[in-house]
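Notes follow once the structure below has been shown.
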Amino acid sequence: MTKINDALRHLEKDMAEILATIEDERTTEVILNPYKTADGSYEGHVLVERHGEGLQNLYQNLPDGKTEIIKMSATKAETIMSVLASITGKFIHNKNPYLECQIPKYGHRFTGVIPPASIFPAFCIRRHASVVYTLDDFVNQGVLSATSKDTIISWIKRKFNILIAGGTGSGKTTLANAILHEISRLFPSCRILIIEDVPELQFDTARSIAFTTGEFFSMYEALRTTLRFKPERIVMGEVRGAEAYTLLKAWNTGHPGGVATIHANGVEEALHRFENCIADHANARINRKEIGFTINGIISLQNMTVRREVDGEYHNTTQRKVTALRQILQYDTDKDIYQDIIYDKMEESFE
(Lines give C-alpha, C1' and ligand atoms only; values in the text may rest on other atoms or scores of the structure.)
Protein backbone atom coordinates (compact mmCIF):
# COMPACT_ATOMS: atom_id res chain seq x y z
CA MET A 1 0.00 0.00 0.00
CA THR A 2 2.88 2.38 0.77
CA LYS A 3 4.36 1.80 -2.69
CA ILE A 4 0.98 2.54 -4.31
CA ASN A 5 0.57 5.74 -2.28
CA ASP A 6 4.10 6.83 -3.23
CA ALA A 7 3.36 6.12 -6.90
CA LEU A 8 0.10 8.04 -6.68
CA ARG A 9 1.89 11.07 -5.20
CA HIS A 10 4.42 10.82 -8.03
CA LEU A 11 1.55 10.71 -10.53
CA GLU A 12 -0.15 13.75 -9.01
CA LYS A 13 3.13 15.69 -9.17
CA ASP A 14 3.57 14.89 -12.88
CA MET A 15 -0.04 15.84 -13.59
CA ALA A 16 0.01 18.98 -11.45
CA GLU A 17 -0.51 21.36 -14.40
CA ILE A 18 -3.73 19.66 -15.47
CA LEU A 19 -5.02 18.16 -12.22
CA ALA A 20 -7.09 21.19 -11.21
CA THR A 21 -8.77 21.20 -14.63
CA ILE A 22 -9.49 17.48 -14.40
CA GLU A 23 -11.10 17.99 -11.00
CA ASP A 24 -13.22 20.93 -12.19
CA GLU A 25 -16.79 19.58 -12.24
CA ARG A 26 -17.45 21.43 -15.52
CA THR A 27 -14.74 19.39 -17.28
CA THR A 28 -15.74 16.35 -19.33
CA GLU A 29 -12.42 15.44 -21.03
CA VAL A 30 -8.76 16.43 -21.00
CA ILE A 31 -6.63 15.38 -23.98
CA LEU A 32 -2.90 15.46 -24.66
CA ASN A 33 -2.56 15.90 -28.42
CA PRO A 34 0.57 15.87 -30.64
CA TYR A 35 1.39 19.24 -32.21
CA LYS A 36 3.90 19.69 -35.02
CA THR A 37 6.16 22.71 -34.45
CA ALA A 38 7.73 24.97 -37.07
CA ASP A 39 10.98 22.98 -37.06
CA GLY A 40 9.14 19.71 -37.77
CA SER A 41 9.43 18.27 -34.26
CA TYR A 42 6.46 17.39 -32.06
CA GLU A 43 5.30 18.53 -28.65
CA GLY A 44 2.19 17.78 -26.62
CA HIS A 45 -0.58 20.37 -26.35
CA VAL A 46 -3.31 19.95 -23.74
CA LEU A 47 -6.95 20.33 -24.81
CA VAL A 48 -10.04 20.49 -22.60
CA GLU A 49 -13.74 19.96 -23.18
CA ARG A 50 -16.18 21.40 -20.68
CA HIS A 51 -19.86 20.61 -20.41
CA GLY A 52 -21.79 22.48 -23.08
CA GLU A 53 -18.61 23.64 -24.84
CA GLY A 54 -16.46 22.23 -27.62
CA LEU A 55 -12.84 21.08 -27.42
CA GLN A 56 -10.48 24.00 -26.70
CA ASN A 57 -6.82 24.63 -25.94
CA LEU A 58 -6.05 24.66 -22.21
CA TYR A 59 -4.15 27.79 -21.18
CA GLN A 60 -2.16 28.73 -18.09
CA ASN A 61 -1.40 32.20 -16.72
CA LEU A 62 2.20 33.44 -16.84
CA PRO A 63 3.84 35.75 -14.28
CA ASP A 64 3.83 38.64 -16.79
CA GLY A 65 0.04 38.42 -17.09
CA LYS A 66 0.06 36.66 -20.45
CA THR A 67 -1.28 33.18 -21.15
CA GLU A 68 0.10 30.21 -23.05
CA ILE A 69 -1.08 26.75 -24.02
CA ILE A 70 -0.17 24.10 -21.48
CA LYS A 71 2.40 21.78 -23.03
CA MET A 72 3.76 18.41 -21.97
CA SER A 73 6.97 16.69 -23.03
CA ALA A 74 7.06 13.15 -24.37
CA THR A 75 9.11 12.09 -21.35
CA LYS A 76 6.55 13.38 -18.85
CA ALA A 77 3.63 11.89 -20.77
CA GLU A 78 5.29 8.46 -20.94
CA THR A 79 6.17 8.68 -17.24
CA ILE A 80 2.52 9.36 -16.37
CA MET A 81 1.45 6.33 -18.38
CA SER A 82 4.17 4.09 -16.92
CA VAL A 83 3.22 5.03 -13.35
CA LEU A 84 -0.48 4.47 -14.10
CA ALA A 85 0.28 1.07 -15.64
CA SER A 86 2.32 0.11 -12.58
CA ILE A 87 -0.40 1.14 -10.12
CA THR A 88 -3.17 -0.66 -12.03
CA GLY A 89 -1.19 -3.83 -12.72
CA LYS A 90 -0.90 -3.29 -16.47
CA PHE A 91 1.92 -2.78 -18.95
CA ILE A 92 2.73 -0.19 -21.58
CA HIS A 93 5.83 -0.38 -23.78
CA ASN A 94 6.76 -0.35 -27.46
CA LYS A 95 5.36 -3.85 -28.01
CA ASN A 96 2.20 -3.05 -26.07
CA PRO A 97 1.81 0.70 -26.76
CA TYR A 98 -1.71 1.09 -25.42
CA LEU A 99 -3.11 1.63 -21.93
CA GLU A 100 -6.70 1.80 -20.75
CA CYS A 101 -7.51 2.05 -17.05
CA GLN A 102 -9.08 4.12 -14.30
CA ILE A 103 -6.99 6.67 -12.44
CA PRO A 104 -6.83 5.41 -8.83
CA LYS A 105 -8.35 7.66 -6.14
CA TYR A 106 -10.11 9.81 -8.76
CA GLY A 107 -11.95 7.20 -10.82
CA HIS A 108 -11.50 9.01 -14.16
CA ARG A 109 -11.14 6.89 -17.31
CA PHE A 110 -7.68 7.03 -18.89
CA THR A 111 -6.73 5.93 -22.42
CA GLY A 112 -3.19 6.43 -23.67
CA VAL A 113 -0.92 5.45 -26.56
CA ILE A 114 2.82 5.77 -27.11
CA PRO A 115 5.09 5.25 -30.14
CA PRO A 116 5.08 3.31 -32.38
CA ALA A 117 1.26 3.37 -32.17
CA SER A 118 1.39 7.19 -32.32
CA ILE A 119 3.98 9.69 -33.48
CA PHE A 120 4.04 11.26 -30.00
CA PRO A 121 2.63 10.08 -26.65
CA ALA A 122 -1.05 10.98 -26.40
CA PHE A 123 -3.79 10.39 -23.88
CA CYS A 124 -7.43 11.15 -23.15
CA ILE A 125 -8.84 11.48 -19.63
CA ARG A 126 -12.62 11.14 -19.43
CA ARG A 127 -13.69 12.74 -16.17
CA HIS A 128 -15.96 10.73 -13.90
CA ALA A 129 -18.91 13.06 -13.41
CA SER A 130 -19.50 14.21 -9.84
CA VAL A 131 -22.51 16.30 -10.85
CA VAL A 132 -25.58 14.85 -12.55
CA TYR A 133 -27.11 17.27 -15.04
CA THR A 134 -30.90 17.08 -15.17
CA LEU A 135 -33.13 17.30 -18.23
CA ASP A 136 -33.96 20.85 -17.11
CA ASP A 137 -30.22 21.65 -17.19
CA PHE A 138 -30.09 20.38 -20.78
CA VAL A 139 -32.99 22.70 -21.67
CA ASN A 140 -31.37 25.70 -19.95
CA GLN A 141 -28.09 25.07 -21.80
CA GLY A 142 -29.85 24.92 -25.15
CA VAL A 143 -29.00 21.25 -25.73
CA LEU A 144 -32.60 20.06 -25.48
CA SER A 145 -35.88 21.77 -26.35
CA ALA A 146 -38.65 21.97 -23.76
CA THR A 147 -40.99 19.94 -25.97
CA SER A 148 -38.35 17.21 -26.38
CA LYS A 149 -37.88 17.13 -22.60
CA ASP A 150 -41.62 16.58 -22.13
CA THR A 151 -41.57 13.79 -24.72
CA ILE A 152 -38.68 12.02 -22.96
CA ILE A 153 -40.44 12.27 -19.60
CA SER A 154 -43.58 10.76 -21.13
CA TRP A 155 -41.43 7.90 -22.50
CA ILE A 156 -40.01 7.28 -19.03
CA LYS A 157 -43.48 7.19 -17.50
CA ARG A 158 -44.68 4.78 -20.20
CA LYS A 159 -41.65 2.51 -19.61
CA PHE A 160 -40.23 2.91 -23.11
CA ASN A 161 -36.94 1.20 -23.82
CA ILE A 162 -34.78 4.17 -24.88
CA LEU A 163 -31.70 4.11 -27.10
CA ILE A 164 -29.44 7.19 -26.97
CA ALA A 165 -27.51 7.60 -30.23
CA GLY A 166 -24.53 9.87 -30.80
CA GLY A 167 -20.93 10.19 -31.81
CA THR A 168 -17.85 10.04 -29.60
CA GLY A 169 -17.90 12.79 -26.97
CA SER A 170 -21.43 13.88 -27.82
CA GLY A 171 -22.65 13.50 -24.23
CA LYS A 172 -24.57 10.21 -24.45
CA THR A 173 -23.53 9.15 -20.93
CA THR A 174 -24.40 12.59 -19.52
CA LEU A 175 -27.87 12.37 -21.04
CA ALA A 176 -28.27 8.78 -19.80
CA ASN A 177 -27.47 10.04 -16.28
CA ALA A 178 -30.12 12.75 -16.67
CA ILE A 179 -32.69 10.11 -17.67
CA LEU A 180 -31.67 7.89 -14.73
CA HIS A 181 -32.11 10.89 -12.44
CA GLU A 182 -35.61 11.41 -13.84
CA ILE A 183 -36.47 7.71 -13.36
CA SER A 184 -35.28 7.93 -9.74
CA ARG A 185 -37.36 11.07 -9.19
CA LEU A 186 -40.53 9.60 -10.68
CA PHE A 187 -40.07 6.06 -9.34
CA PRO A 188 -37.93 6.29 -6.15
CA SER A 189 -38.35 2.60 -5.29
CA CYS A 190 -37.55 1.34 -8.80
CA ARG A 191 -34.91 -1.42 -8.99
CA ILE A 192 -32.48 -0.46 -11.74
CA LEU A 193 -29.65 -2.77 -12.81
CA ILE A 194 -26.79 -1.06 -14.63
CA ILE A 195 -24.12 -2.75 -16.75
CA GLU A 196 -21.04 -0.90 -18.06
CA ASP A 197 -17.36 -1.47 -18.66
CA VAL A 198 -16.29 1.73 -16.84
CA PRO A 199 -18.46 3.02 -13.94
CA GLU A 200 -19.91 6.30 -15.27
CA LEU A 201 -23.65 5.99 -14.82
CA GLN A 202 -25.15 7.17 -11.53
CA PHE A 203 -28.36 6.24 -9.78
CA ASP A 204 -30.19 7.40 -6.67
CA THR A 205 -32.51 4.54 -5.75
CA ALA A 206 -31.47 2.37 -2.79
CA ARG A 207 -32.67 -0.80 -4.50
CA SER A 208 -30.44 -0.46 -7.57
CA ILE A 209 -27.14 -2.15 -8.36
CA ALA A 210 -24.39 -1.73 -10.95
CA PHE A 211 -22.16 -4.39 -12.56
CA THR A 212 -18.78 -3.57 -14.09
CA THR A 213 -17.58 -5.83 -16.89
CA GLY A 214 -13.97 -6.74 -17.54
CA GLU A 215 -11.56 -9.43 -18.64
CA PHE A 216 -13.27 -12.13 -16.54
CA PHE A 217 -16.83 -10.83 -16.65
CA SER A 218 -18.09 -10.09 -20.16
CA MET A 219 -21.01 -7.89 -21.12
CA TYR A 220 -22.89 -11.01 -22.20
CA GLU A 221 -22.27 -12.71 -18.84
CA ALA A 222 -23.27 -9.56 -16.97
CA LEU A 223 -26.57 -9.40 -18.85
CA ARG A 224 -27.36 -13.02 -18.08
CA THR A 225 -26.47 -12.45 -14.42
CA THR A 226 -28.63 -9.33 -14.30
CA LEU A 227 -31.76 -11.36 -15.06
CA ARG A 228 -31.20 -13.35 -11.83
CA PHE A 229 -31.26 -10.16 -9.74
CA LYS A 230 -34.93 -9.30 -10.35
CA PRO A 231 -34.48 -6.03 -12.26
CA GLU A 232 -37.35 -3.70 -13.08
CA ARG A 233 -35.34 -1.69 -15.59
CA ILE A 234 -32.07 -2.74 -17.27
CA VAL A 235 -29.57 -0.06 -18.28
CA MET A 236 -26.48 -0.67 -20.40
CA GLY A 237 -23.67 1.87 -20.62
CA GLU A 238 -22.94 1.25 -24.29
CA VAL A 239 -24.00 -1.28 -26.91
CA ARG A 240 -20.98 -2.19 -29.02
CA GLY A 241 -21.49 -5.71 -30.39
CA ALA A 242 -23.09 -9.11 -29.83
CA GLU A 243 -24.49 -8.11 -26.41
CA ALA A 244 -27.20 -6.20 -28.35
CA TYR A 245 -28.92 -9.55 -28.98
CA THR A 246 -28.99 -10.46 -25.28
CA LEU A 247 -30.12 -6.93 -24.32
CA LEU A 248 -32.99 -7.17 -26.83
CA LYS A 249 -34.12 -10.45 -25.26
CA ALA A 250 -33.78 -9.02 -21.74
CA TRP A 251 -35.83 -5.91 -22.54
CA ASN A 252 -38.44 -8.09 -24.22
CA THR A 253 -38.95 -10.53 -21.35
CA GLY A 254 -40.71 -8.45 -18.72
CA HIS A 255 -38.10 -5.71 -18.14
CA PRO A 256 -39.37 -2.59 -19.98
CA GLY A 257 -38.15 0.93 -19.33
CA GLY A 258 -34.47 0.34 -20.03
CA VAL A 259 -31.83 2.74 -21.34
CA ALA A 260 -28.72 2.13 -23.46
CA THR A 261 -26.32 4.20 -25.57
CA ILE A 262 -24.99 3.41 -29.02
CA HIS A 263 -22.60 5.07 -31.49
CA ALA A 264 -24.72 6.31 -34.43
CA ASN A 265 -25.13 9.51 -36.42
CA GLY A 266 -28.87 9.93 -35.94
CA VAL A 267 -32.22 8.39 -35.06
CA GLU A 268 -32.56 6.65 -38.44
CA GLU A 269 -29.04 5.21 -38.32
CA ALA A 270 -29.36 3.97 -34.73
CA LEU A 271 -31.49 0.92 -35.53
CA HIS A 272 -29.21 -0.04 -38.44
CA ARG A 273 -26.27 0.14 -36.06
CA PHE A 274 -28.19 -1.94 -33.50
CA GLU A 275 -28.91 -4.55 -36.17
CA ASN A 276 -25.21 -4.67 -37.07
CA CYS A 277 -24.38 -5.29 -33.40
CA ILE A 278 -26.86 -8.17 -33.26
CA ALA A 279 -25.20 -9.65 -36.35
CA ASP A 280 -21.96 -9.97 -34.33
CA HIS A 281 -23.66 -12.70 -32.27
CA ALA A 282 -22.77 -16.11 -33.70
CA ASN A 283 -26.23 -17.65 -33.19
CA ALA A 284 -28.45 -14.60 -33.62
CA ARG A 285 -30.92 -13.87 -36.37
CA ILE A 286 -31.97 -10.28 -36.92
CA ASN A 287 -35.68 -10.09 -36.14
CA ARG A 288 -36.84 -6.62 -37.12
CA LYS A 289 -40.36 -7.26 -35.90
CA GLU A 290 -38.97 -7.97 -32.43
CA ILE A 291 -36.73 -4.90 -32.59
CA GLY A 292 -39.75 -2.82 -33.64
CA PHE A 293 -41.81 -3.61 -30.56
CA THR A 294 -38.88 -3.72 -28.08
CA ILE A 295 -36.98 -0.50 -28.81
CA ASN A 296 -39.61 2.18 -28.32
CA GLY A 297 -37.74 5.48 -28.37
CA ILE A 298 -34.47 6.81 -29.83
CA ILE A 299 -32.77 10.09 -28.92
CA SER A 300 -30.08 11.53 -31.20
CA LEU A 301 -27.49 13.66 -29.39
CA GLN A 302 -24.82 15.04 -31.68
CA ASN A 303 -21.98 17.57 -31.78
CA MET A 304 -23.13 20.36 -34.07
CA THR A 305 -21.29 23.34 -35.53
CA VAL A 306 -22.76 26.65 -34.44
CA ARG A 307 -21.68 30.18 -35.33
CA ARG A 308 -21.48 32.65 -32.45
CA GLU A 309 -20.47 36.27 -31.99
CA VAL A 310 -17.74 36.81 -29.40
CA ASP A 311 -16.42 40.34 -28.81
CA GLY A 312 -17.73 41.48 -32.18
CA GLU A 313 -16.23 38.57 -34.11
CA TYR A 314 -17.95 35.42 -35.35
CA HIS A 315 -16.46 32.02 -34.54
CA ASN A 316 -17.47 28.47 -35.40
CA THR A 317 -17.79 26.35 -32.27
CA THR A 318 -19.06 22.89 -31.45
CA GLN A 319 -22.12 22.44 -29.27
CA ARG A 320 -24.06 19.37 -28.19
CA LYS A 321 -27.64 19.27 -29.45
CA VAL A 322 -30.47 16.77 -29.28
CA THR A 323 -31.15 16.68 -33.02
CA ALA A 324 -34.22 14.41 -33.10
CA LEU A 325 -36.44 12.00 -31.19
CA ARG A 326 -37.84 8.89 -32.89
CA GLN A 327 -40.71 6.85 -31.52
CA ILE A 328 -40.83 3.34 -33.00
CA LEU A 329 -44.39 2.08 -33.43
CA GLN A 330 -43.75 -1.30 -35.05
CA TYR A 331 -42.01 -2.99 -37.95
CA ASP A 332 -44.12 -3.25 -41.11
CA THR A 333 -43.23 -6.62 -42.66
CA ASP A 334 -45.13 -5.87 -45.87
CA LYS A 335 -43.30 -2.60 -46.58
CA ASP A 336 -40.05 -3.68 -44.86
CA ILE A 337 -39.81 -0.48 -42.84
CA TYR A 338 -39.99 0.61 -39.20
CA GLN A 339 -43.15 2.64 -38.70
CA ASP A 340 -42.23 5.65 -36.61
CA ILE A 341 -42.88 9.22 -35.54
CA ILE A 342 -39.95 11.66 -35.60
CA TYR A 343 -40.06 14.71 -33.32
CA ASP A 344 -38.09 17.98 -33.30
CA LYS A 345 -35.67 17.03 -36.07
CA MET A 346 -32.82 19.49 -36.45
CA GLU A 347 -30.49 19.75 -39.43
CA GLU A 348 -26.79 20.67 -39.22
CA SER A 349 -26.64 24.45 -39.59
CA PHE A 350 -25.01 27.65 -38.44
CA GLU A 351 -26.77 29.78 -35.87
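Quick one: which residues, 5+ away or cross-chain, put their amide H under 5 Å from the amide H of R50? H built at 1.01 Å from N. Long-range HN contacts for R50: T28. Evaluated with a Cβ-only charge set (Lys, Arg +1; Asp, Glu -1), region 90-237 carries a dipole of roughly 300 debye about its Cα centre, given to the nearest 20.
The residues of region 1-109 expose on average 58 square angstrom of accessible surface per residue, using a 1.4 Å probe on protein heavy atoms. Among G254, G169, G142, the residue with the largest mean-square fluctuation in a Gaussian network model of the chain, with springs joining Cα atoms closer than 10 Å, is G254. Only protein atoms count toward the accessible area here, which uses a 1.4 Å probe; on the chain, the carbon and sulfur part of that area reaches 49 percent.
Provide the net charge surrounding I125, with neighbours chosen by a C-beta distance below 10 Å and charges set as Lys +1, Arg +1, Asp -1, Glu -1.
Net of charged neighbours comes to +2.
Taking the DSSP bridge list for the chain and keeping only pairs wholly inside it, about 75 percent are antiparallel. Relative to the dominant Cα principal axis of the chain, helix 74-87 is inclined by about 60°.
Working note: Karplus 6.51/-1.76/1.60 with θ = phi - 60° gives region 293-298 the couplings 9, 9, 8, 9, x, 10 Hz, where Gly and Pro are set to x. Computed from point charges on the beta carbon alone (+1 for Lys and Arg, -1 for Asp and Glu), the dipole magnitude for the chain about its Cα centre is near 1200 Debye. Taking every alpha-carbon pair under 8 Å whose residues sit at least 6 apart, region 54-103 reaches a relative contact order of 20 percent. Note on N57 and V131: their simple-model spin labels are 2.6 nm apart, each label 7 Å out from Cα toward Cβ. The phi-based Karplus calculation (6.51 cos²θ - 1.76 cosθ + 1.60; θ = phi - 60°) puts the 3J(HN,Hα) values of region 54-65 at x, 6, 9, 5, 9, 10, 10, 7, 9, x, 7, x Hz, whole numbers, x for Gly and Pro. Protein heavy-atom accessible surface, 1.4 Å probe, per residue over region 174-323: 45 Å². Of the whole protein surface, K335 contributes about 140 Å² of accessible area at a 1.4 Å probe radius.
The order of Y331, Y59 by accessible area, most exposed first and with a 1.4 Å probe, is Y59, Y331. Overall, region 40-177 carries a charge dipole of about 540 debye about its Cα centre when +1 sits on the Cβ of Lys and Arg and -1 on the Cβ of Asp and Glu, all other atoms neutral.
Placing one equal scatterer on every Cα of the chain and applying the Debye formula, the log10 ratio I(q)/I(0) at q = 0.07, 0.13, 0.14 Å⁻¹ is -0.34, -1.11, -1.24. In region 1-131, Cα pairs under 8 Å separated by at least six residues give a relative contact order of 25 percent.
Only alpha carbons enter this Debye calculation for region 153-287, each as an equal point scatterer, and the log10 of I(q)/I(0) it gives at q = 0.16, 0.20, 0.21 Å⁻¹ is -0.78, -1.26, -1.40.
What is the angle, in °, between the Cα long axis of helix 172-186 and the longest principal axis of the Cα atoms in the chain? Nearest 10 is fine, range 0 to 90. Around 50 degrees separate the two axes.
Could you tally the net charge around I183, taking each other residue with its Cβ under 13 Å from the Cβ of I183, Lys/Arg +1 and Asp/Glu -1? Summing Lys/Arg as +1 and Asp/Glu as -1 gives +4.
Within the listed set R326, R233, R158, the Gaussian network model of the chain (springs between alpha-carbon atoms below 10 Å) gives the highest mean-square fluctuation for R158. D280 contributes an accessible area of around 100 Å² to the protein surface, as traced by a 1.4 Å probe with all chains present. If R0 equals 45 Å, the separation of the Cβ atoms of D280 and D64 corresponds to a calculated FRET efficiency of about 0.20. Considering only K13, K66, K230, the mean-square fluctuation computed in a Gaussian network model of the chain, springs between alpha carbons under 10 angstrom, is largest for K66. Remark: relative contact order (region 203-313) = 23 percent; criterion is Cα-Cα distance under 8 angstrom and separation of 6 or more residues.
The values are calculated or read from the model by the stated rules, or taken from the named source; none is laboratory data. Note that this is a predicted model, so its numbers are computed, not measured. Glycine also receives a Cβ, built like all others from the backbone with ideal geometry; neighbour counts cover every protein chain displayed. Surface areas here come from the heavy atoms of the whole protein model, side chains and all, with no ligands, DNA or RNA. Shrake-Rupley method; radii C 1.70, N 1.55, O 1.52, S 1.80 Å.
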